[in-house]
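This report concerns only the one structure given below.
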Amino acid sequence: MKPAANLVLVGPMGAGKTTLGHALAERLGLHLHDLDRAVELAAGASVADLFAREGEAGFRTREKAKLAELLAGDGALVATGGGAVLDADNRRILRARGFVVYLPVDVATQLARLAGDHTRPLLARPDREQVLQDLAALRTPLYREVADLVFDTTGLAAEDAAAQLADRLATQWMRQGATA
Ligand SMILES: Nc1ncnc2c1ncn2[C@@H]1O[C@H](COP(=O)(O)OP(=O)(O)OP(=O)(O)O)[C@@H](O)[C@H]1O
Ligand SMILES: O=C(O)C1=C[C@@H](O)[C@@H](O)[C@H](O)C1
Ligand SMILES: [Mg+2]
């Protein structure tokens with residue numbers, strides 16, 4: 001088993017990485033580093049503004065730099081953005097520096113959860129269902145490639161999911177020696 005480093009949540013938009021991440025942080029007594037939020041704070045601009053100003057490529061460059069920064073030390077809890085796994089260097093660093101939990105979610109659930117959302121530029125179009133299906137086809141293998149644990153939250157409220165995930169981590173991630 002790889003040595004304990006950082007605990008990282010990956011998965012599609014609306015999987016609950018940020019929401020579950022906050023609930024998990026409270027349970028584990030850790031601070032949640034939300035990658036999207038960290039990029040926004042460093043740039044002084046929202047994800048949507050960065051996409052508009054710099055294109056997706058500009059956002060991905062910022063996301064990559066911030067992910068490397070967050071995973072440079074040990075013991076951090078990080079919620080990534082849905083596209084962080086696209087970059088091969090990111091996947092390498094996730095595997096090397098993180099105990100990675102993949103939160104899968106189906107497209108119908110994503111559509112329902114993100115119905116009123118205007119903060120995710122990739123969904124700022126009418127054919128959201130098709131977009132989410134195309135993203136899933138491309139990205140599901142990448143989430144699987146980096147995952148140490150697949151944790152299905154279907155039917156669970158975020159708080160209950162956090163409680164169950166904390167139990168699973170107690171027998172897996174934390175027993176490897178991570179400080180939580
Ligand atoms: N387990 C859950 N049950 C019900 N609703 C949830 C659950 N997890 C998240 N949600 C809701 O889904 C929406 C999106 O969740 P969240 O922002 O945590 O997704 P995310 O995985 O961080 O997405 P992104 O990749 O875009 O950052 C929020 O409104 C949140 O309240
Ligand atoms: O799935 C994605 O590519 C994205 C997810 C969000 O977390 C943000 O990082 C941004 O909206 C792009
Ligand atoms: Mg998020």
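Taking the Cα centre of the stretch 1-76 as origin, sum charge times position over the Cβ atoms of Lys and Arg (+1) and Asp and Glu (-1), and report the length of that vector in debye to the nearest 20.
It comes to approximately 180 debye.
Each residue of the stretch 79-88 was assigned a 3J(HN,Hα) from its phi angle through the Karplus curve 6.51 cos²θ - 1.76 cosθ + 1.60 (θ = phi - 60°); the sequence is 9, 7, x, x, x, 5, 7, 5, 7, 5 Hz, with glycine and proline shown as x. By the Cα gyration tensor, the stretch 6-175 has an equivalent ellipsoid whose semi-axes, rounded to whole angstrom, run 23, 19, 15 from largest to smallest.
Residues in the stretch 63-70 carry Karplus couplings, in order, of 4, 5, 5, 6, 4, 4, 5, 5 Hz; the curve used is 6.51 cos²θ - 1.76 cosθ + 1.60 with θ = phi - 60°, and Gly or Pro positions show x. Can you tell which of Gly29, Gly14, Gly116 shows the greatest fluctuation in a Gaussian network model of the chain with Cα springs below 10 Å? Maximum fluctuation in the GNM of the chain, among the listed residues, is at Gly116.
Coupling constants for the stretch 109-120 follow from the phi torsions by the Karplus curve (6.51 cos²θ - 1.76 cosθ + 1.60, θ = phi - 60°), and in residue order they are 5, 4, 4, 5, 5, 9, 3, x, 7, 10, 9, 9 Hz; glycine and proline get x. So for the chain, taking the charge dipole from beta-carbon charges (+1 Lys/Arg, -1 Asp/Glu), which of Thr119, Leu20, Leu67 sits furthest toward the positive end? Projecting each Cα onto the dipole axis, the largest value belongs to Leu67. A straight line joining the Cα centroids of the stretch 105-124 and the stretch 16-90 runs 18 Å.
Read-outs: derived from the displayed coordinates by stated rules, not from any lab. These figures come from a predicted structure and were not determined experimentally. Positions of Cβ are backbone-derived with ideal geometry, glycine not excepted, and every protein chain shown enters the neighbour counts.
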